[in-house]
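Engineer: Can you read through this structure? Questions will come right after.
The values are calculated or read from the model by the stated rules, or taken from the named source; none is laboratory data. Quick caveat, the model's predicted, so the values are computed rather than measured. FYI the Cβ positions are ideal-geometry reconstructions off the backbone, even for glycines, and counts take in every protein chain you see.
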Amino acid sequence: MRELENFLERSVILSSGVELQAPLGELKLTNTTTSVPVAVSTPPKSLEDVERQHIAETLERTRGVIGGRGGAAEILGRPCATA
């Protein structure tokens, strides 16, 4: 369940405008023994794409932790707004 939450958070962060753009290349098929990537993502085409990819990879490394020590915001050198 946590993986789904992380995937949805990344989708929201990576999306611009009103349409949700899910990073489908990150989805994996699973069975009882192995995980297999569904698709290979294409290379980024713009600076915005590179930034989004970098943020998504950082979120993946932090397992979805955004704020706090060792969170994505700290690693990326960005402030973390609290609600």
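Engineer: Inside the stretch 41-69, can you point out the residues that are more than 16 Å from ILE13 (Cα to Cα) and either aliphatic (A, V, I, L, M) or modelled with pLDDT of 85 or more (or both)?
Structural biologist: Hits for the stretch 41-69 are GLY68, ARG69.
Engineer: Kindly provide the set of residues from the stretch 64-83 that are assigned to a loop (DSSP other than H, G, I, E, B) and touching a helix residue (DSSP H, G or I) at 6+ places or on another chain (Cβ under 7 Å), ordered by number.
Structural biologist: GLY64, VAL65, ILE66, GLY67, PRO79, CYS80
Engineer: Filter the stretch 1-21 down to the residues that are at pLDDT 70 or above, surrounded by fewer than 12 Cβ atoms within 10 Å (Cβ to Cβ) and over 12 Å from GLY64 (Cα atoms), then identify the one that is nearest to the chain's Cα centre (by Cα).
Structural biologist: VAL12
Engineer: Return yes or no: is LEU24 over 22 Å from ALA73 (Cα atoms), surrounded by 10 or more Cβ atoms within 10 Å (Cβ to Cβ), modelled with pLDDT under 80 and not basic (Lys, Arg)?
Structural biologist: yes
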